[in-house]
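First up is the structure itself, then whatever we jot down about it.
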């Protein structure tokens, strides 16, 4: 099987608010839009935001949403501060394997920033 493109579809309850969040707060570029969905560039893949999900703005548990949208960046601490400056609550953490900063989208889906350098090092170590 030859896979030509990968992507995620995120079903949302607060569709318009989530589109604004991923476009303006996170900074994803819009690839295309229709009346029912918005498709973003997701670092070489795509994130399609569609209607018909459920919202829990305080944060969904892993039974309600067992995924995390991860954004690998050069400087987690700086990017976490950018999100805070945009009014988003962020939980920054440093671990032996690297830094992460977790936050929720308007529907309560968990997202996280991760430092690309330590992530890439893990790949090299495991090869």
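The values are calculated or read from the model by the stated rules, or taken from the named source; none is laboratory data. Note that the structure is a prediction, hence the values are computed from the model and not measured. Every residue, glycine among them, receives a Cβ derived from its backbone with ideal geometry; neighbour counts consider all protein chains shown.
Restricting segment 84-105 to residues that are touching a strand residue (DSSP E or B) at 6+ places or on another chain (Cβ under 8 Å) and closer than 15 Å to residue 18 by Cβ, which is surrounded by the most Cβ atoms within 10 Å (Cβ to Cβ)?
Among them, the one singled out is 105.
Here are some conditions: (1) at pLDDT 95 or above; (2) in contact with a helix residue (DSSP H, G or I) (Cβ under 9 Å, 6 or more places away or on another chain); (3) surrounded by 13 or more Cβ atoms within 10 Å (Cβ to Cβ). Residue 22 meets all but one. Which one does it not meet?
Unmet condition: (2).
Could you check segment 44-67 and list, in sequence order, the residues that are modelled with pLDDT of 85 or more and surrounded by 14 or more Cβ atoms within 10 Å (Cβ to Cβ)?
Within segment 44-67, 46, 47, 48, 49, 50, 51 meet the criteria.
Restricting attention to segment 90-117, which residues are in a helix (DSSP H, G or I) and within 26 Å of residue 65 (Cα to Cα)?
Result: 116, single match.
With the checklist (1) under 15 Å from residue 106 (Cα atoms); (2) not in a loop (DSSP other than H, G, I, E, B) in hand, flag the one item residue 60 doesn't pass.
(2)
If I ask for residues that are assigned to a loop (DSSP other than H, G, I, E, B), without any contact (Cβ under 8 Å) to a residue 60 or more places away in the chain and under 22 Å from residue 114 (Cα atoms), which ones from segment 10-48 would you list?
Matches in segment 10-48: 27, 28, 29, 44.
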